[in-house]
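Enquirer: Below you will find the structure I want to go over with you.
Every number in this text was worked out from the coordinates using simple rules, so none of it is lab data. The shown structure was predicted, so the numbers you read here are calculated from the model rather than taken from an experiment. For neighbour counting, all protein chains shown are included, and Cβ atoms are generated from backbone atoms with ideal geometry for every residue, glycine included.
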Amino acid sequence: MSCWIDTHCHLDAAEFEADRDGVRAAARAAGVAHLVVPAVERANWSQVMALAHRHGDSYALGIHPLYTPRAREQDIAALREMLKERRDDPHLVAVGEIGLDFFVPGLDAGRQAWFYEQQIRLAREFDLPVILHVRKSSDHLLKTLRALKVKGGIAHAFNGSVQQAQAFIALGFRLGFGGAVTYDRALRLRELAASLPLQALVMETDAPDIPPHWLYTTAEQRAQGRLQGRNSPGELPRIAQAIADLRGMDAAQLAAATSDNARQALRGLPAWASIG
Ligand SMILES: [Zn+2]
C-alpha cells in the first residue's frame, strides 16, 4: 500500500469533534501516514499543537486570512513568543495558515495584508517555510514574497494560472492539490495537475472542506435535507489516484514523489514515508 502525507488537514475543526481519533485512525488505515495540521487563529494554536503531538503528526502556527477580522494586533507578538517557545519542537513545520483571500466578500484587504506581511516577517526571523492560503490573491502574495524572501513552503489548494504556478515554483514553493481536481468541470485545474513538474506537487485534503465529487451534495440535495459530505484525510488516496490517472502514472510513484516533495517543502517531516 502506498504511503501518503496529507499536507493540509484541519483535524481540529468542530466537524471532527465527535470522532477525531477515529478519523485519524481511519486515515492511517487507508495509507495516510502523516498529517500537517495548520492553525487558523490564536485560539486554536494549543489544540493544533496537542493534536499533532498526540498522533505523531505535524503542525503549523499562524493566523488565517478569514480570521483576521477577529484577530488582534497583539496576536502577532503572541505568535512570535509561541514560535520562540516551540523553536525546537520537531512537530512544528511551518508558519501557517497565512495568506490573502480576495474571494470571500466583506474582508478588509489592508488588514489581511498587514497580518500576512507580519507573519512573513516571523517566518523569516525563525527560518521557517510558510503554508499559504491563496484565493484570487496569487499576484499580491507573490509580490510580497519577492520583496521579503522566505524559505518557500506550500501554496495550498492552488487554483491559479500556469504563470502564477511557475512564479510560486520559482520562489521555492510546492503547490497543494486536493479534492477540487476530482470534478470533471475543473478543466484548468486538472490540466495543471496533469502537466506541472512532479517535483512541484504535494497532496492535501483540506478536510473537512473541499469535498471530492463523491462526497459533494448539490444545493437541491441539501434542500431535500441531505447533508454536505464531510471531507476527511482518509479520502486522500482516492483523490491522489485521480491525480495519478490524470498524469498517467502509478499511484505508488506519485505517493513516493509527493511525500519527498512535502519533506523538502516543510521543516522536519519524518523520513519514514519512502519506506511505504
Ligand atoms: Zn486550510
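Enquirer: Quick check for you: which residues of the stretch 19-33 have the amide N under 11 Å from the point 7 Å beyond the Cα of Gln253 toward its beta carbon?
Expert: Correct set: none at all.
Enquirer: Output the Cα-based Rg and Dmax of the stretch 4-268 in Å, rounding Rg to one decimal and Dmax to a whole number.
Expert: Reported Rg and Dmax, both Å: 17.4, 51.
Enquirer: OK, next. Can you compute the equivalent ellipsoid semi-axes for the stretch 63-199, i.e. the square root of 5 times each eigenvalue of the Cα gyration tensor, sorted largest first and rounded to whole Å?
Expert: Computed over the stretch 63-199, the values are 26, 18, 13 Å.
Enquirer: Can you figure out the FRET efficiency of Gln224 with Gln166, using R₀ = 51 Å and their beta-carbon distance, to the nearest 0.05?
Expert: Values: r = 44 Å, r/R0 = 0.86.
With R0 = 51 Å, the Cβ-Cβ based efficiency is 0.70.
Enquirer: Measuring from the lowest to the highest alpha carbon on each principal axis, how far does the stretch 123-166 reach, largest first, in angstroms?
Expert: Sorted largest first, the three principal extents are 30, 19, 15 Å.
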